[in-house]
1. For the chain, the longest stretch holding no GluC sites (Glu not before Pro) located in a DSSP loop with at most 16 other Cβ atoms within 10 Å is which?
2. What accessible area per residue, rounded to a whole number of Å², is obtained for region 125-201 using a probe radius of 1.4 Å?
3. For the chain, what % of the accessible area comes from carbon and sulfur atoms, probe 1.4 Å?
4. Report the charge-dipole magnitude of the chain in Debye, nearest 20, computed about the Cα centre from +1 at each Lys and Arg Cβ and -1 at each Asp and Glu Cβ.
5. Scan region 65-116 for chymotrypsin sites (Phe, Trp or Tyr not before Pro) in coil per DSSP, keeping those whose Cβ has at most 14 other Cβ atoms within 10 Å, and list them by number.
6. Bin by bin, in steps of 5 Å, what percent of the Cα pairs in the chain do you find, going until the bin that has the longest distance?
7. How big, in percent, is the set of alpha carbon pairs in region 147-224 lying more than 18 Å apart?
Amino acid sequence: GQVVVLEMTGDPLGFGSLDADLVASAAGGPTGPVAPGEIVTFYGFLFGPPADVGAALDASGNLPASLGNLQVLFDGVPAPLFSVGPYEITAQVPYAVQNKTATIVQLLYKQVPTNTISLTVVESAPRIVTRLASNEARALNQDGSVNSFSNPAPAGSIIALFATGCGQSSPASVSGRVATAPYGLISMPVAVTIGGVSAEVQYAAEAPASVGLEQLNVRVPGVA
């Protein structure tokens, strides 16, 4: 007389399917290897809740590892989640993948698993955050205004760029935890070019009050 409820997915591999070719930096751009701490987006079809769900930081300043009855596992380690939905899931690659060359990823929705995929892991895979469907950087001018074609940065001024995928910082960042002072510096050497010309990097560290983002303050070449 026991009642058994089954989740009918119609997918023999689990609830929805993952495709390694549909995992990319949330900053925009093509698919590729992932780096520790990088913000990535999984694209797919009906592998999450029926409506988009956005995350909120808890009282300790941490992103949730479960959202909308969904988890993303990297080698069994739950990833911090920014948002989940039926077609897109945005998560932070856990720093636990550091020093690995590959990681096995799987989603769980209502404890129903997807297939597993393997993603190549590299120490750093930086991408500058761009505006949606464009190659225009989301940058701030020295006066704090938003940089754009109609509001360019003068030569010699400082602009702030934002990126993800720069790898572990020093001191080490914690997966899913919002950045607070003292901010972790990007561990690997940093170089920036603007218009093909080397630009002076004045700051390269965690972006304040963010998770998985780095901020780079650089001087626009041209005028001292």
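1. Longest site-free region, per DSSP loop and neighbour criteria: 8-122.
2. 58 Å²
3. Result for the chain: 57 percent of the exposed heavy-atom area is carbon or sulfur.
4. 240 debye
5. Details: sites: Phe74, Phe82, Tyr87, Tyr95, Tyr109; in loops: Tyr87.
When the chymotrypsin sites (Phe, Trp or Tyr not before Pro) of region 65-116 are filtered for loop state and at most 14 Cβ neighbours within 10 Å, Tyr87 remain.
6. Taking all Cα pairs of the chain, the binned fractions are 1, 7, 14, 17, 17, 15, 11, 7, 5, 3, 1, 1, 0, 0, 0, 0, 0 percent.
7. 43 percent
The values are calculated or read from the model by the stated rules, or taken from the named source; none is laboratory data. Treat the numbers as computed from the prediction; the structure is a model and nothing was measured. Quick reminder, even Gly has a Cβ in these numbers, built from the backbone with ideal geometry, and neighbours come from all protein chains shown. Heavy atoms of the whole protein, side chains included, go into the accessibility calculation; ligands, DNA and RNA do not. Shrake-Rupley method; radii C 1.70, N 1.55, O 1.52, S 1.80 Å.
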